[in-house]
Amino acid sequence: MITVRKLGAGDLAGLRAMNALFATVFGDAESYASKPPGDAWLRRLLERDTFIALVAEQDGAVVGGLAAYVLDKFEQERSEVYIYDLAVAEAHQRQGIATALIRQLQAIALERGVWVIYVQADYGDDPAVALYTGLGVREDVMHFDIPVRRMSQ
């Protein structure tokens with residue numbers, strides 16, 4: 001039996017377990033496991049109403065996770081939710097867990113009066129593209145990472 005729940009302010013263990021899952025599923029220990037934030041940082045993050053963390057659990061173990069951010073818009077009085085990360089453990093994929101996580105996020109977004117949820121997927125990530133295509137409208141956009149550094153004078 002899989003259950004989906006929203007992590008609360010004190011659920012540091014759940015957030016750490018979700019982060020470990022992301023490191024494994026994405027094969028990116030450098031980003032997700034090499035410099036874990038301290039308890040105070042995670043507690044502040046979980047207390048914010050602009051951060052949403054959901055986990056799917058089976059027998060107390062995190063088998064899926066979703067991290068999202070609420071973005072208040074300036075052009076209209078409305079908010080959007082950006083799914084930053086979503087992963088399901090390999091042994092539990094293709095069982096509807098990712099869809100269940102997104103459905104829970106939709107319920108939270110509806111409760112908060114959010115206008116839209118959006119997510120990006122990489123070209124070649126066919127399972128993610130199929131999942132998101134089944135749940136929403138596809139837009140082909142480009143994504144750019146702009147480094148943050150001091151500009152030389």
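The values are calculated or read from the model by the stated rules, or taken from the named source; none is laboratory data. Please read all numbers here as calculations on a predicted model, not as lab measurements. Methodologically, a virtual Cβ is constructed for each residue, glycine included, from the backbone with ideal geometry; neighbour enumeration extends over all protein chains shown.
From (1) in contact (Cβ under 8 Å) with a residue 40 or more places away in the chain; (2) out of contact with any strand residue (DSSP E or B) (no Cβ under 9 Å at 6 or more places or on another chain), pick out the condition that doesn't hold for residue 100.
Result: residue 100 fails condition (2) only.
Mind listing whichever residues of segment 23-54 are among the polar types (S, T, N, Q) and either assigned to a helix (DSSP H, G or I) or farther than 21 Å from residue 70 by Cα (or both)?
If the condition is that a residue be among the polar types (S, T, N, Q) and either assigned to a helix (DSSP H, G or I) or farther than 21 Å from residue 70 by Cα (or both), then 24, 31, 34 are the ones that fit.
Since residue 45 meets every condition but one in (1) closer than 20 Å to residue 3 by Cβ; (2) surrounded by 15 or more Cβ atoms within 10 Å (Cβ to Cβ); (3) under 14 Å from the mean Cα position of the chain (by Cα), which condition does it not meet?
Exception for residue 45: condition (1).
Give just the number: which of (1) in contact with a strand residue (DSSP E or B) (Cβ under 9 Å, 6 or more places away or on another chain); (2) surrounded by fewer than 12 Cβ atoms within 10 Å (Cβ to Cβ); (3) hydroxyl-bearing (Ser, Thr, Tyr) does residue 34 not satisfy?
Here residue 34 clears every test but (1).
Starting from residues that are of a type in the set (A, V, I, L, M) and over 19 Å from residue 57 (Cβ atoms), keep the ones in segment 103-120 and report whichever is surrounded by the fewest Cβ atoms within 10 Å (Cβ to Cβ).
110
Could you figure out which of (1) touching a strand residue (DSSP E or B) at 6+ places or on another chain (Cβ under 9 Å); (2) exposed (fewer than 12 other Cβ atoms within 10 Å of the Cβ) isn't true of residue 141?
Tallying (1) touching a strand residue (DSSP E or B) at 6+ places or on another chain (Cβ under 9 Å); (2) exposed (fewer than 12 other Cβ atoms within 10 Å of the Cβ), residue 141 fails exactly one: (1).
Within segment 115-153, take every residue that is among the hydroxyl-bearing types (Ser, Thr, Tyr) and outside any loop (DSSP other than H, G, I, E, B) and give me the one that is modelled with the highest pLDDT.
So the residue we want is 118.
Each row is one residue, and each column tells you yes or no for (1) under 15 Å from the mean Cα position of the chain (by Cα); (2) of a type outside the set (Ser, Thr, Tyr); (3) surrounded by fewer than 16 Cβ atoms within 10 Å (Cβ to Cβ); (4) not in a strand (DSSP E or B).
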position	(1), (2), (3), (4)
9	no, yes, yes, yes
21	yes, yes, no, yes
66	yes, yes, no, no
94	no, yes, yes, yes
101	yes, yes, no, yes
